[in-house]
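Okay, structure first, notes after.
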């Protein structure tokens, strides 16, 4: 018999690249295993700054108490006898209400998610935007990634459909495009203007695609930005919607960081749903949200939703059919979505602790982000756009010629060399800019602004950077 | 602007069919909504016998206490202070152990699943089969469906790869083949021999595929069978493995019902992993398992795993890359897998209740399956193979000529007409045989052997059947 080898596999799958959990992450895993096995390394622990995973060991952002108490009661409803009078009464009430509606969390739900939770999501959206939302337009998902994958699978006719994606981008998009044989139509964000979105760049990418026989079908916008941490202003958002009208593009709005705002007074978040309704635009919009980020950080539950606006009923029926094949999103994620969109309200017993917990998370993230950007900017050859949202910084590196040449010899990009040596020497795992996209000849890396102790973390980054520059002959 | 319509979508997606949650299930949903809104219907409740969902409302198979107490503690570790001395000590110990290893269930895990849980799965497999299992060969998944979808996506090169599937089959397979542009190579199971698997049929399907230029790549076996409830004997399994050697086929063994055995003394389950190792065969095998069925019935958690045997390292690396894009399976499902493979052992505090709960589930299912098959067999025009495993029966219907003609006028298959009228008159939702596949001109339906009260349920099926036959002019 002939054994199946990698050459026999689906070529589209072979083309998929996903740097966030790629070479660097695999090396970080090896190093962690070595530490656990007692090996001597130049650091005491590996810090996975390659991924926005707030509750990971070592970072330990605490989960919100309300969310978890409700979830524990849903797992084991007879627990109520033990916690009554001990836990806040609104926790017990909320769990009882959800249990009456849902029944067991061990049962499949409706494939689009529990109807009652979708109603609560619609109410949340209505309150956020001031415009109506229909629960039938809402699909609960196992995280935002599952929703993005579904939409791209449905929208892409292989080899002819173009999807406009920002550069730099979260590599889920290029990975999923490769998987489904879609054509990426990259448009560059402008780093000198704080990673702003330029309509001119998008128009140019559309033209370029058409020239190559590609049909532009959808535009991806990540707002707040990943990896850039930038935030769109209303005026740009309105122009984006008009551009989608002009070119008949479906707008895929990745809005998973909408709660991660570091200076909401000067840099507020507007949803694309709000803009589309405000302009009374007929464009077809899909907006993605998640419980993995924000103040919840409940990545492991796998929960999220997307809302489609202005979609034909029969297109929504196809989406419903496709989610049916996967049966339903995890109930633990669905319940997580419910407590995200219905957090404790002022005046309820759980509110004071909720307020304290979420304030602490917001302010720690805002302070760390600001401090890290300042300190990175003061390093030779590093420039870093200050970020008003999301969880990341995406500093630009000017690297010594010696490093560029050394990388070339290894068949790696210079930023990969930098990231590999950073990991080897400090245990900090970041993702090289080549995984997100950047202009030819540039070097960046993405790091999360989640860390155990910011002094130790930034100190290690600084010390490494200086050594690296010196080792390769200086700037 | 031009709006996106269904005609613009990926044609492969449009071709996907999934009857388990198709026309019948959507109609059942409408009827349930009508009942809730106070409409008068000929029945008091809708029973979703279209899907193996033991814990759904109305069926209410209770979750296993051990599983849920551990899960509640993982959701909210400080709960230990309240339950210590109240819940069994092994629950507290297990949750503490898992918490030490995993940390928060709100963090992403390793993309293949928590390494410690994969080790426990490997131990379970070793004990089950008496042959070694490597944790690195195990991928935890969000239910078995997610694993099947991944494997088919990776194995199929569009339009040329053939996958051998049993007829009747669980429609996940045809749905996923359509999604990824694979070619189904159907082989018929033999109903007169208790839905046995015939090597001759598989060989014929391979020849037929080759004639049409299709490359047969993998063979799907569902054991215990869905929808048939049949069980393979060792001799057949050995021949299947030899056939895979001969034709260089990857064997995809869907073994999610391995715990659902109604007469394990006379009809035991053997895993294909056991057979492959016993024969020392080099074939590449993927075996799928799930927490949704068996005595757990934890569908809503979305948990399962697959084990690959004899796979090249670089093929496994591609699988790892692909699961990385989806980040990780839900932690609630992973923890569910852990308690499935490490249930309370005899002598532990949780064991007596665990034994009582699982015995009750096993015996109720076995009794119901036997009784339902007997009663269905005594109906005019109905014949039903007795089932030694899984959750289903797949009775064959001889229908009146009048019904065949009436269905034709409606553009439906006769079994769809039968299922629609059954739903309208009794509230029982089953899936017509056309959704699973059957021989030309035949009619079947699949129903689950999960029901609230077996007398009421079977009584309703019997009464409906007699009326239906009479209404369409008799047999």
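Taking label points 7 Å from Cα along the Cα-to-Cβ direction, residue B:100 and residue B:475 give a separation of 6.4 nm.
Ranked from largest, the principal axis spans of the Cα set of the protein assembly as shown equal 89, 67, 62 Å. The distance separating the Cα centre of the range A:359-387 from that of the range A:421-475 comes to 14 Å. Going by neighbour counts of Cβ atoms within 10 Å, the residues A:105, B:46 line up, fewest first, as B:46, A:105.
Pairs of C-alpha atoms in the range B:100-341 farther apart than 22 Å represent 51 percent of all such pairs. Fully extending the segment from residue B:462 to residue B:360 would add 34.1 nm, taking 0.36 nm per residue of separation and subtracting the current Cα-Cα distance. With contacts taken as Cα pairs under 8 Å at a separation of at least 6 residues, chain B carries a relative contact order of 21 percent. Neighbour counts of C-beta atoms inside 10 Å place B:228, B:369, B:157, B:416 in the sequence B:157, B:416, B:369, B:228, starting with the fewest. In nanometres and ascending order, the distances from the residue B:23 label point to those of the other copies are 5.4 (point 7 Å from Cα along Cα→Cβ).
In plain terms, the chain from residue B:440 to residue B:81 could stretch by 122.9 nm, reckoned as 0.36 nm per residue minus the Cα-Cα distance.
Could you tell me the calculated FRET efficiency between residue A:351 and residue B:265, based on Cβ-Cβ distance and R0 = 45 angstrom, to the nearest 0.05?
Efficiency computed from Cβ-Cβ geometry: 0.15.
Sorted from shortest to longest, the distances between the residue A:89 label points of this copy and the other copies are 3.8 nm, with each point 7 Å from Cα along the line through the beta carbon. For the range A:361-420, the convex hull spanned by the alpha carbon atoms encloses 84 Å³ per residue. For chain A, the Kirkwood hydrodynamic radius from C-alpha pairs, put into Stokes-Einstein at 10 °C and a viscosity of 1.306 mPa s, yields a diffusion coefficient of 67 µm² per second. Take residue B:203, push a point 7 Å out from Cα through the beta-carbon direction, and compare it with the same point in every other copy: 6.8 nm, smallest first.
A full extension of the chain between residue A:424 and residue A:60 corresponds to an added length of 128.7 nm, given 0.36 nm per residue minus the alpha carbon distance. Under conditions of 10 °C and 1.306 mPa s, the range B:19-103 yields 98 µm² s⁻¹ as its translational diffusion coefficient, taking Rh as the Kirkwood radius over Cα pairs in the Stokes-Einstein equation. In this calculation the C-beta distance from residue A:44 to residue B:131 is compared with R0 = 41 Å, giving a FRET efficiency of 0.55. With a 10 Å cut-off around each Cβ of B:23-36, the average count of Cβ atoms from other chains is 1.
The calculated 222 nm mean residue ellipticity attributable to helices in chain B amounts to -13500 deg cm²/dmol, summing -39500 (n - 2.57) over DSSP H runs of n ≥ 4 and dividing by all residues.
Calculated FRET efficiency, residue A:246 to residue A:17, Cβ-Cβ distance, R0 = 35 Å: about 0.65 to the nearest 0.05.
By the count of other C-beta atoms within 10 Å, a proxy for reagent exposure, B:87, A:195 are ordered fewest to most as A:195, B:87.
Here, each number is a calculation from the coordinates, and none is a lab measurement. Bear in mind that the values here come from a model prediction, so they are computed numbers and not experimental data. Using ideal geometry, Cβ is built from the backbone for each residue, glycine included, and neighbour counts are taken over all protein chains shown.
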